[in-house]
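The structure under discussion appears below in the form of C-alpha cells.
The values are calculated or read from the model by the stated rules, or taken from the named source; none is laboratory data. Worth saying up front: this structure is predicted, and the values here are computed from it rather than measured. Virtual Cβ from ideal backbone geometry, glycine too; neighbours counted across all protein chains shown.
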Amino acid sequence: MSSPFYEVYEVFSKKTDTSALQHQFSLLAPNEELAFVMAKENFFRREQAADIWVVKRDHIKRMNSEEKEAVKHLEKSYRETKGYGYLKKKWRQYEQEQLTAKDIMGGGEG
Amino acid sequence: MITSNERMDHFMNRINSGEKIEADDWMPDDYREALIRLISMHGISEIMGALPEKEWVPKAPSIYRKLAIMAKVQDEMGHGQLLLRVAEDLMEPLGRNRDDIMKDLFSGKLKFHNVFHMKAPTWGDAGVIAWLVDGAAIISQTMMLGTSYGPYGRALKRICAEEVFHAQHGESIIMALAEGTKEQRTLLQDSINRWWTSLLMFFGPKTNVETGHSHQDKNMRYKLRTKTNEQLRQEFLTKYVPRVWALGLTIPDPTLKFDEETSEWQYQQPDWEEFKKIVTGHGPKSKERLALRMRSYEMNSWVREALGTSKVSNIAR
Amino acid sequence: MESLEYRECLIELIYQLADDDFLLAYRGSEWLGLAPHIEEDVAFASISQDLMGHAALYYGLLEELGEGKIDHLTHNRSPDYFRNAILVELPNGTGTYLENPSYDWAFTVVRNYFYTLAKKVRLDSIKKSSYEPLQHIVQKISIEMSYHMMHWEVWFKQLISSTAEAKSRMEEAMSIVFAELGGVFSYGRIGDRMERLSLIESEEVLKERWMVYLNKENIQYSMKMKQGDGRNGIHTPHLAEALATLSEVYQSVATAEW
C-alpha cells in the first residue's frame with residue numbers, strides 16, 4: 001500500500017493580510033511540518049504570500065459526483081436584488097431615488 | 001440507476017459543453033488512461049529535462065547566469081511536481097503512487113520526451129534548450145490550456161506563466177552568444193545544428209503512418225488537445241525560423257522554406273525510426289540520465305524510509 | 001575613508017562571508033534534480049539560489065571597494081585567494097554531480113543546518129559592525145535567513161529522531177561537520193584586529209552563542225579545524241576542483257561577454 005512518506009497535503013494561501021484564503025495546489029510530504037517547509041518554495045517562490053496553510057487531504061470532506069448534484073438549485077430571485085427591480089420605479093412615483101447598495105451599506109463596504 | 005451508456009453520454013456532454021472534469025468525478029476508463037499516459041509522460045519529462053540543463057548550472061559563465069539557470073532548472077522540477085501530482089491523483093483509485101511512476105520510468109515503461117535523451121555538450125546547448133526546446137514546449141503546452149481535465153489545466157496555467165521567464169532566459173543567453181566573439185557564434189551555430197532534428201521530432205509524427213501508433217485522435221475527441229502534431233510544428237517553424245535567420249545563423253536543412261501557396265513550411269522529415277529508438281531509451285544519453293535519476297532514488301531511499309514510518313508521521317506535531 | 005588597517009580587515013571579512021556562501025551555494029546546486037524528494041528538490045534549490053544571491057551582494061561590495069569585477073572575483077581567482085571555510089568546500093559525497101554521484105543527505109542536512117546557524121550568529125554580530133554598507137547588506141540577507149533556519153531545523157530534527165539508520169547516519173555526519181566547524185568561526189590571521197576594530201565580536205563569543213542555541217538539543221561536541229585553514233587560504237584539493245568547474249565556461253573564451 002501507499003507509503004506514509006507520500007501523504008497528500010493541500011496548500012492554501014493568502015496573498016495579503018486582507019485577501020481571502022485561496023487554494024493553490026497539493027504536494028506530497030511525510031508530515032505537516034515538512035509539507036509546510038516545502039510548500040513555501042514549491043508554490044510561492046515568485047509571488048508573495050502573507051499566510052500559508054497546509055491541510056492533510058484526508059482531513060477534508062470532499063464531494064463526489066452525486067453530492068455535487070446536491071449543491072445545484074433553481075434560481076431564487078426573492079433572495080437576490082434582481083427580484084426587487086420594480087422598486088426603482090415605485091420610489092420615483094414618490095419623487096425619491098431608490099437607495100443603491102452603496103447607500104444601504106453606508107459606504108462601509110470594501 | 002443510470003446505465004453505463006447514460007453515464008458515458010452525460011460525460012461526453014459535459015466535455016462537449018466545455019465543462020471541466022475533476023479528479024473525483026466519474027470518468028471512462030480510457031479517459032483516465034489517456035490522462036495518466038499523457039500527464040505522467042509530461043511530468044516525468046520535466047524531471048528528466050532538469051538533467052541536461054543541470055549539467056550547466058555550476059558552469060554558467062557569470063554569477064547572474066548561475067542564478068538564472070538555477071532558477072530555471074528549479075522550475076523544471078517544480079513543473080514536474082505539479083504534473084506528477086495531477087497524474088498521481090488519477091492513479092490513486094488504481095492503487096498506484098509516485099513510487100510506481102518512478103519504477104515505470106526505470107523499467108522503461110514510462111517514456112520521456114526525445115529531447116531529453118540528447119547530449120548537451122556546450123554552454124550553447126544551455127541557451128538553445130532554454131530558447132528553442134522550451135519554445136517548442138510552450139507551443140504544445142499552451143495548446144492544452146483548455147484541456148477538458150480541470151487539474152491538468154490548472155497545472156498548465158502555472159507552468160505557462162513560468163515558461164515566459166524560461167524563454168527570455170534562453171533568448172538572453174543566445175543573444176549574448178550571437179553578438180559575441182567568433183568562438184561564441186560558432187558555439188551557438190553548432191548547438192542549433194545539433195538540436196534541429198530533435199526539435200522537429202519533439203512534436204511527434206504527422207500521422208500514425210510514421211510510427212505505427214498515435215494517441216492524437218482520442219486525445220482530440222476527449223478535448224485533451226486541440227491541435228495536431230503537424231499544426232504545432234508549423235507554428236514552431238513560423239515563430240522561430242525567421243528569428244534564427246535574423247541573427248545571421250543557419251538551419252541545417254537546405255530544403256527548409258515557406259511555401260506561400262500552401263501556407264506551410266516545407267522541411268526535411270526527420271528519421272522517425274530513429275525517433276522511436278530514442279524515446280524507447282536508446283538515445284545517446286538515455287542510459288546515463290536514467291542512471292542518474294535511479295541513483296538519486298536509491299541513494300535517498302533511507303530518507304523516505306526514515307520519515308515514512310508511521311512513528312515519525314505521528315510524532316511530528 | 002577609514003585607515004588602511006581597517007580597510008584591510010573589512011575586505012578580509014567580506015571575502016570570508018562571500019566565499020562561504022558562494023561555495024555552499026555551489027554544493028547545493030550540485031544536488032539539483034537529485035534530492036530525496038521532488039518537492040524538496042524545489043525547496044533546496046531556492047536556498048542555494050539565496051546563498052548565491054547573498055554571495056553576489058558581498059562581491060558587489062568588494063567590487064565597490066576596488067577589489068575587481070564580481071565575475072572576475074568569482075570566476076578568475078586562484079584557490080589560495082579564497083577565504084571560505086573548509087566545511088563548505090567539502091563534496092556532497094563521492095562521485096561528481098554528473099557521474100555516479102553518491103551523495104549523503106545526512107551530511108547535507110547537518111552541514112547546512114550547522115552552517116546556517118553559524119551564519120546567523122555571525123550576521124547578528126555584524127549588524128552591530130561599524131561599517132554601514134556591510135550592515136545594510138547583512139540586514140537584507142537576514143530576511144532570508146529565517147526560512148533557511150526553519151527548513152534545515154525541520155529536516156535535522158526529524159531525521160535525528162526517526163529510524164536507527166537515520167540516527168546513525170546523522171551522527172556520522174555530525175562528527176564530520178564538527179571536525180571542520182571551527183574553521184567556520186575562525187577569522188584567520190588578522191582576526192584579532194577585526195575584533196579590535198569592532199567589525200565583529202570574538203570567535204569565542206560567537207561559538208558560545210551557537211552552542212547555547214543548539215544545546216536545546218543537548219549536543220556536546222568540540223569544534224575543530226581538521227583538514228586545513230580556509231580563512232588563511234589553505235584548502236583541500238576539493239576547492240580547486242570546484243573552482244575549475246565553476247569557471248570552465250567563463251575562462252574558455254578570454255575576451256568574451258556572456
Every listed condition ((1) within 22 Å of residue B:176 (Cα to Cα); (2) surrounded by fewer than 17 Cβ atoms within 10 Å (Cβ to Cβ); (3) free of Cβ contacts under 8 Å to residues at least 40 places away in the same chain) holds for residue B:250 save (3)
Expected single match for of a type outside the set (A, V, I, L, M), within 28 Å of residue B:279 (Cβ to Cβ) and facing another protein chain (nearest Cβ under 7 Å) among B:78, B:43 is B:78
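Which ones in region B:85-100 are more than 18 Å from residue B:27 (Cβ to Cβ) and either charged (D, E, K, R) or more than 7 Å from every other protein chain (Cβ to nearest Cβ) (or both)?
Our first condition is that a residue be more than 18 Å from residue B:27 (Cβ to Cβ); within region B:85-100, this holds for B:97-100.
B:98, B:99, B:100, listed by residue number.
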Counting only residues in region A:90-102 that are in a helix (DSSP H, G or I) and at pLDDT below 90, the one surrounded by the most Cβ atoms within 10 Å (Cβ to Cβ) is identified as A:102
- Message: residue B:145 - would you say it is touching a Cys at 6+ places or on another chain (Cβ under 7 Å) and either surrounded by 18 or more Cβ atoms within 10 Å (Cβ to Cβ) or under 26 Å from residue B:229 (Cα atoms) (or both)?
- Response: yes
Residue pairs within 6 Å by beta carbon, gap of at least six or interchain, first lying in region C:236-258 and within 7 Å of chain B (Cβ to nearest Cβ), second among the polar types (S, T, N, Q) and assigned to a loop (DSSP other than H, G, I, E, B), listed first then second, are C:253/B:181; C:256/B:181; C:258/B:62
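Is it true that residue B:249 is of a type in the set (A, V, I, L, M, F, W, C), part of a helix (DSSP H, G or I), out of contact with any Asp or Glu (no Cβ under 9 Å at 6 or more places or on another chain) and more than 14 Å from every other protein chain (Cβ to nearest Cβ)?
no
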Fill in: Condition check for residue B:26: outside any helix (DSSP H, G or I) and farther than 19 Å from residue B:91 by Cα
no
Checking C:142, C:186, C:198, C:175 in turn, the sole residue that is away from every other protein chain (no Cβ under 13 Å), on the phi > 0 side of the Ramachandran plot and polar (S, T, N, Q) turns out to be C:198
